[in-house]
Amino acid sequence: MNPLNSILGTIISGFILAIVITFALNPGFISINPNPWEVWVWLHVLVGIAWIGLLYYFNFVQVPAVGQAAGEANNGGPGPAAINKYVAPRALLWFRWAAVATWITGALALEAMHMGPGSGIHAAFAFQTGFEVIGVGAWLGTIMLFNVWVLIWPNQKKILGLTATPASPEEIAKAKKVALMASRTNTLLSIPMILAMTAHGHGLPF
């Protein structure tokens with residue numbers, strides 16, 4: 001059976017290949033200490049790509065596409081119904097839980113990299129010596145997680161008709177503005193956040 005015929009099979013095969021590469025590049029790894037920092041950073045990057053990738057998809061692809069579809073609906077166009085009914089709810093499901101997984105794996109990576117007494121999470125959020133740059137990234141990521149669950153998702157539920165009580169046209173109009181501004185804010189914050197995340201290990205560009 002071809003694992004590429006299913007997304008689950010594809011993902012499992014990717015992890016198996018990564019493990020095979022680990023054996024090939026470091027055949028004696030069983031006899032040395034494991035590296036939990038790399039494990040959590042690796043997973044953090046994987047789920048972070050899913051989160052930020054969907055964030056960029058919403059801002060660069062879906063929002064403009066829905067706007068165009070709505071504008072052409074009266075001229076024989078298909079309208080935005082298909083996107084809002086079939087694509088958006090599924091994308092938002094992966095989007096919001098990828099955000100949670102990114103934060104959790106990031107927190108575990110902070111703990112694994114912290115060699116001194118105390119907590120790596122506290123060291124980052126308190127901007128302790130050596131953790132200033134990654135601390136900025138941690139704070140920005142936390143703000144973005146807040147925006148996802150407190151501003152974007154509740155308002156998207158109103159827009160997509162996923163609430164127990166249907167929202168009024170006025171509520172939907174307000175929800176669209178709040179969700180859009182929160183999403184655009186996250187897109188803005190993602191750029192310096194990724195800089196802070198990569199700069200911790202490689203240094204700031206200037």
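The values are calculated or read from the model by the stated rules, or taken from the named source; none is laboratory data. As the structure is a prediction and not an experimental result, all values here were calculated from the model. Please note: Cβ atoms are built from the backbone with ideal geometry, for glycine as well, and neighbour counts cover all protein chains shown.
Across the stretch 82-119, the number of residues qualifying as over 22 Å from the mean Cα position of the chain (by Cα) and at pLDDT 95 or above comes to 1.
Could you grab me the full set of residues in the stretch 20-39 that are surrounded by 10 or more Cβ atoms within 10 Å (Cβ to Cβ) and more than 25 Å from Val100 (Cβ to Cβ)? Of everything in the stretch 20-39, those that are surrounded by 10 or more Cβ atoms within 10 Å (Cβ to Cβ) and more than 25 Å from Val100 (Cβ to Cβ) turn out to be Val20, Ile21, Thr22, Phe23, Asn26, Phe29.
Yes or no, residue by residue, for (1) outside any helix (DSSP H, G or I); (2) at pLDDT below 95; (3) over 22 Å from Trp94 (Cβ atoms):
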site	(1), (2), (3)
Met144	no, no, no
Trp149	no, no, no
Glu171	no, no, yes
Lys176	no, no, no
Ala179	no, no, no
Ser183	no, no, no
Leu189	no, no, no
Ala196	no, no, yes
His200	no, yes, yes
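The conditions of being more than 24 Å from Val148 (Cβ to Cβ) and in the same structural domain as Leu145 (by TED's automatic domain parsing) are met by Asn74. Restricting the stretch 40-76 to residues that are over 19 Å from Arg184 (Cβ atoms) and at pLDDT below 95 leaves a set whose member that is surrounded by the most Cβ atoms within 10 Å (Cβ to Cβ) is Ala69.
Would the stretch 56-68 turn up any residue that is in a helix (DSSP H, G or I), touching a residue at least 40 places away in the same chain (Cβ under 8 Å) and over 19 Å from Leu160 (Cα atoms)? The answer is yes; a qualifying residue exists.
Quick one: is Gly79 within 29 Å of Lys158 (Cβ to Cβ), modelled with pLDDT under 95 and not in a helix (DSSP H, G or I)? First the steps, then the outcome.
Details: within 29 Å of Lys158 (Cβ to Cβ): yes; modelled with pLDDT under 95: yes; not in a helix (DSSP H, G or I): yes.
Yes; evaluated as a whole, the condition is true for this residue.
Against the conditions (1) at pLDDT below 95; (2) of a type outside the set (Asp, Glu); (3) more than 29 Å from Ser190 (Cβ to Cβ); (4) part of a helix (DSSP H, G or I), Ile21 satisfies every one except (3).
Scanning the stretch 3-18 for residues that are in contact with a Ser or Thr (Cβ under 7 Å, 6 or more places away or on another chain) and surrounded by 10 or more Cβ atoms within 10 Å (Cβ to Cβ) returns a single hit, Pro3. When the residues of the stretch 126-151 are filtered to those that are touching a helix residue (DSSP H, G or I) at 6+ places or on another chain (Cβ under 6 Å) and not aliphatic (A, V, I, L, M), which remaining residue is surrounded by the most Cβ atoms within 10 Å (Cβ to Cβ)? Filtering first and then ranking leaves Gly141. Among the residues making up the stretch 108-125, those that are surrounded by fewer than 20 Cβ atoms within 10 Å (Cβ to Cβ), touching a helix residue (DSSP H, G or I) at 6+ places or on another chain (Cβ under 7 Å) and not in a loop (DSSP other than H, G, I, E, B) are Leu108, Glu111, Ala112, Ile121, Phe125.
Do we have Ile104 as without any contact (Cβ under 8 Å) to a residue 40 or more places away in the chain and assigned to a helix (DSSP H, G or I) here? Quick ask: steps written out before the conclusion?
Values: without any contact (Cβ under 8 Å) to a residue 40 or more places away in the chain: yes; assigned to a helix (DSSP H, G or I): yes.
Yes, satisfied.
Yes or no, residue by residue, for (1) hydrophobic (A, V, I, L, M, F, W, C); (2) more than 22 Å from the chain's Cα centre (by Cα); (3) not assigned by TED's automatic domain parsing to the domain that holds Val47:
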residue: Ala124; (1), (2), (3): yes, no, no
residue: Lys174; (1), (2), (3): no, yes, no
residue: Ala182; (1), (2), (3): yes, no, no
residue: Thr187; (1), (2), (3): no, no, no
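Scanning the stretch 31-46 finds one or more residues that are farther than 22 Å from Met144 by Cα, of a type in the set (Phe, Trp, Tyr) and assigned to a helix (DSSP H, G or I).
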